[in-house]
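Notes follow the structure.
The values are calculated or read from the model by the stated rules, or taken from the named source; none is laboratory data. Since we're looking at a predicted model, the values are computed, not measured. Because the Cβ atoms are built from the backbone with ideal geometry, glycine has one as well, and the counts that use them run over all protein chains shown. Heavy atoms of the whole protein, side chains included, go into the accessibility calculation; ligands, DNA and RNA do not. Shrake-Rupley method; radii C 1.70, N 1.55, O 1.52, S 1.80 Å.
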Amino acid sequence: GGSGTRPGGAVSRSGMPPSGQEHRWAEALWQRLGAASEHAHAAGMSAWHLQRVLAKKRDPISHALFLDEALGSAGTVTGRRAAPCERFIVAFSKGAGEVLQRSYAAAGFARDTLLVGFPRLVTLLEELHERLARDSDGAGGAGSKGVPPAVRKDGSDLGVLVKSADAIANAYLARSLLRLSEPVNALLSPSALQSLQGLV
């Protein structure tokens with residue numbers, strides 16, 4: 001594999017932590033993912049502030065809302081015009097999905113850590129969505145009267161965020177199914193069934 005830098009600064013040719021350092025490396029990975037989530041939250045709030053200003057200001061000549069003008073020239077999401085926050089969620093999810101897909105495809109420490117910690121990854125994405133909803137809802141004093149929050153109230157964009165981890169989700173679910181199937185298969189094996197017949 002490629003070369004990697006260890007948290008202590010030493011270089012590893014395999015990109016794997018030295019023996020006994022796995023936990024420390026895993027925590028460093030989760031801290032970096034947490035920091036990435038913080039950056040995503042800041043970017044999402046920036047998109048929401050832009051959306052909020054565009055929704056309140058009007059063109060002095062035509063009196064059209066700037067948001068309507070911006071939506072007219074903006075791209076679409078699922079066949080309809082998309083507000084800045086919606087475009088952010090889609091773009092972030094696509095980028096995060098590509099990074100997670102590459103991390104999963106490159107066998108090694110990051111892949112193993114993400115696979116074992118998949119529930120933690122989903123929690124990180126859910127918390128990002130929850131914080132965007134809370135911080136842009138107006139309840140926190142953001143003054144968002146008349147402007148929708150950064151995420152959809154029906155939560156449909158949470159599915160878009162969580163979908164970014166699909167590569168890892170599929171492997172995690174397959175591994176979980178295998179773990180559940182092994183005891184059943186062992187119980188239903190021909191030798192186990194023969195030993196049960198002797199008891200009956």
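Here are the numbers:
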quantity	calculated
Odd one out for Ala26 among (1) surrounded by fewer than 17 Cβ atoms within 10 Å (Cβ to Cβ); (2) at pLDDT below 95; (3) of a type in the set (Gly, Ala, Ser)	(1)
Failed condition for Arg6, given (1) at pLDDT 85 or above; (2) closer than 30 Å to Arg111 by Cβ	(1)
Count of the range 92-109 residues which are open to solvent by less than 40 Å² (accessible area, probe 1.4 Å) and at negative phi	7
Count of residues meeting criterion [in a loop (DSSP other than H, G, I, E, B) and in contact with a Lys or Arg (Cβ under 9 Å, 6 or more places away or on another chain)] in the range 35-63	0
Qualifying residue in the range 65-76 (condition: under 25 Å from the mean Cα position of the chain (by Cα) and at pLDDT 85 or above)	no
Qualifying residue in the range 37-52 (condition: closer than 28 Å to Ile168 by Cα, among the charged types (D, E, K, R) and open to solvent by 60 Å² or more (accessible area, probe 1.4 Å))	yes
Breaking point among (1) over 18 Å from the mean Cα position of the chain (by Cα); (2) farther than 14 Å from Asp135 by Cα; (3) in contact (Cβ under 8 Å) with a residue 40 or more places away in the chain; (4) open to solvent by 30 Å² or more (accessible area, probe 1.4 Å), for Ser19	(3)
Any hit, the range 165-183, residues being within 19 Å of Ala47 (Cα to Cα), at pLDDT 90 or above, of a type in the set (A, V, I, L, M) and assigned to a helix (DSSP H, G or I)	no
Which numbered condition Val147 misses (of (1) over 13 Å from the mean Cα position of the chain (by Cα); (2) modelled with pLDDT of 80 or more; (3) open to solvent by less than 20 Å² (accessible area, probe 1.4 Å); (4) not acidic (Asp, Glu))	(2)
